[in-house]
Structures are given as structure tokens and as C-alpha cells.
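K.L.:
Before I ask anything, let me first share the structure, which is written out below as C-alpha cells.
Nothing in this text is a laboratory measurement; each read-out follows from the coordinates by a stated rule. This one's a predicted model, so the numbers in the text were calculated from it and none came from an experiment. Neighbour counts run over all protein chains shown; Cβ positions are idealised from the backbone, glycine included.
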């Protein structure tokens, strides 16, 4: 495996030839993803040119993994003789344009909602989403999902919920006690925990971490006129790690969430003390899990080794990659588990089966946290 390192200009150099996936199209897709993720020339063109059918498979892969815009960014860095057909290129461009327009809309909704919360004396903390998008080379080309807010106190959480109900919006209570609703066409979620840690014996420690490391701020809005609270670098990294772990245990996780973490590491690594971060991760029982994550970020997404929160990494990332290729973004493209118009009881049964399938993975990489994740989520499924 060739070394991956960062040059003095901040650009990533070196080439990793151990991209593992299930097909040649997947390999080409990851090559393009890496190029787009770091906005650098395509490092390995040995799998090009592709046939029209192969290009269609790469396009489908990018949509399944919700990295359409980032892969398109990589395509723009290809030599002309390797480009897909004009019709597919136009289709890809249109899809990327739609992602950009959706992001602009999402940013407008985020700004207006934050302003309204502030007007009633509530200070939400933005989790993941548009905050993480700001770490990308082209933030508007990252596919967005919903908007997640954390409220530091139960009082603020309830005041925000009261405001939502006054606006005559329908709240849906989730199994983890968070609430969800739609605001101007955008899915919004409110949470009472910043770190989605399920182990009850570590909740107090998690609270100490939130108090110790606190928050940062970022500017949003057309003119960057509105300041919003986001997790500090340490909490941001932990939040994303726990989020990926929870979804990897169930329906699955996609490349977009790994790309989010890679870009977060790349931007914030100088603001994190490696020794302290390692101590925290092992205290939370996530040492082995982080080793696997780090292997995936470095060996397969091209993150420079020195940008890791701390340098530990597993010898291979195939256990996590198997889940990624099988499931797509949050498992919604898993051919075995497509959740179509089926009864609620059947969907709950499918969810239980998904957790059961990944049980060996879960209890190897994060045994204590996995036990409590499975317990709490399955309890919610069968209420």
C-alpha cells in the first residue's frame, strides 16, 4: 500500500491501491469519490475507460450512497477521453444542480428556524448536516438530509416543542424520545442528547464531556449574518462516530457519513489533542471501533494519516466496508431489506432482523455500547 501523506500546500499526495469493493464499477466510483472529496486529480485511471453500462452502474452507486455531487466533482477532474457519454453527463449535472438547489433551500430554512427559536429565548445546537457540509470543498454539492437540533436543557426542548405545536405542525415522537416534524418541506428533528450514547453507565461522563468541551459557532445565511451554535471539534467527532456506529449496527450506513467524518477530521484535526481524544474514546469503550473507522478513512477515502484524531488504526476496514456496500445510505438500498409499503409490524420485524444480522460485528468492535444500542432500539421497536 502506497503511503498517503499531506504535502506542505495542504493537498493530499500519494496513492492507495487497496480500494476494496464488490466490483470494478464500485472501485471506479470510489476513485472518483476520493478525487471529488479532496478536489485533486484522479489518482488511478487504470479502471478507465468505462462502457456506458459500467458508467450507469457508477451513477447508480453514487446515488445509492448519496454522494452523487462529490463523485460528479471527481468526474470533472477526469481527462476528456475518460468521460461518460454526454447524455449521462448531462443527467449527472442536473442531479448535482438539484442537490445544490436543495442545499440552498435547506440553508434558508435553517436560518429562518434558528431566528425564530432565538426570538423565543431558545438556543439550538446544530448537529451534523449543514454544519458538516461547511467542511467540504463544495458544500452545496454534499447531499443534505434533515436538520438535527440539540437542546441543552429539558426546558428549552419543551419550549421548542410548544412553539412547533403552536405553528400547527404535527410532531412525531421517535423511539429515542426525540421528536420529528416537517417545516417548509424540510424534515426537522429535536434531540435531548448531544452524544447519542446509549450506555447508561456512561451518561454522566458524556455530560461531563459536553460541559468540558462545549460549543463552537459558525455563520449561516446569505450574507453570513446569523451565528449558530455547533458542537466543539472533540464533540463533533464523537457525535459523528456514535451516529455511524448506531446505523452500522442496524439497517446500514453509507459512504456519505464516512465522507462527512473524513472532511471533519481534515478540517479540525489541529484543534484536537490526540492523547486526550484517545483517552476519551477508550473510556467510552470505542477504541476498537475507532481503529476500524480510522482504517476506512485513511485506506479507502484517502484521509492523510496525520489528520486522524489519534493515529491508531486497524489493519483492514473490510468489516465496515461490507456493511457499506450491502446497505447504501442508512441501508435504504439493501436489496434484502427494501422497506416498501409493508405493515408496521413487518417493518419492525425487519429492523430487528437487521440488528441481529450485524450482532457479531457490533459485539466485536463496541461490545458495551452495542448492547445498549440494541436493547434500547429494539425496545422502541416493540412498543
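K.L.:
For the residue pair residue 53 and residue 219, what label-to-label distance in nm results when each label sits 7 Å from Cα along the Cα-to-beta-carbon direction?
P.N.:
5.3 nm
K.L.:
Mind jotting down the three principal axis lengths of the range 181-220 based on Cα atoms? Whole angstrom, largest first.
P.N.:
The Cα atoms of the range 181-220 stretch 38, 25, 9 Å along the principal axes, largest first.
K.L.:
List the relative contact order of the range 100-231 as a percent without decimals, with contacts defined as Cα pairs under 8 Å and 6+ residues apart.
P.N.:
Normalised by residue count, the contact order of the range 100-231 is 27 percent.
K.L.:
Mind ordering 178-189, 232-243, 283-294 by average Cβ neighbours within 10 Å, highest first?
P.N.:
Descending packing order for the listed peptides: 232-243, 283-294, 178-189.
K.L.:
Quick one: work out Rg over Rh on the C-alpha atoms of the range 100-231, Rh as Kirkwood radius.
P.N.:
Details: Rg = 14.8 Å, Rh = 15.5 Å.
Rg/Rh for the range 100-231 comes to 0.96.
K.L.:
Beta carbons within 10 angstrom, averaged per residue: use that to sort the peptides 30-37, 260-267, 51-58, highest first. Write out the running numbers ahead of the final one.
P.N.:
Values: 30-37: 26.0, 260-267: 23.4, 51-58: 15.9.
Ranking, from highest mean packing down: 30-37, 260-267, 51-58.
K.L.:
Okay, moving on. Evaluate the distance, in nm, between pseudo-label points positioned 7 Å from the Cα of residue 162 and of residue 184 along their respective Cα→Cβ axes.
P.N.:
Those two pseudo-labels are separated by 2.4 nm.
K.L.:
Using a Förster distance of 45 angstrom, determine the FRET efficiency expected from the C-beta separation of residue 270 and residue 88, and round it to 0.05.
P.N.:
Details: r = 40 Å, r/R0 = 0.88.
For R0 = 45 Å, the calculated efficiency reads 0.70.
K.L.:
Just subtract the alpha-carbon distance of residue 375 and residue 315 from 0.36 nm times their residue separation and send over the number in nm, one decimal.
P.N.:
18.6 nm
K.L.:
Ok, one more. Can you bin the range 202-304 into rounded, prolate or oblate? Criterion: square roots of the alpha carbon gyration tensor eigenvalues sorted a ≥ b ≥ c, rounded for a/c under 1.5, prolate for a/b above b/c, oblate for the rest.
P.N.:
oblate
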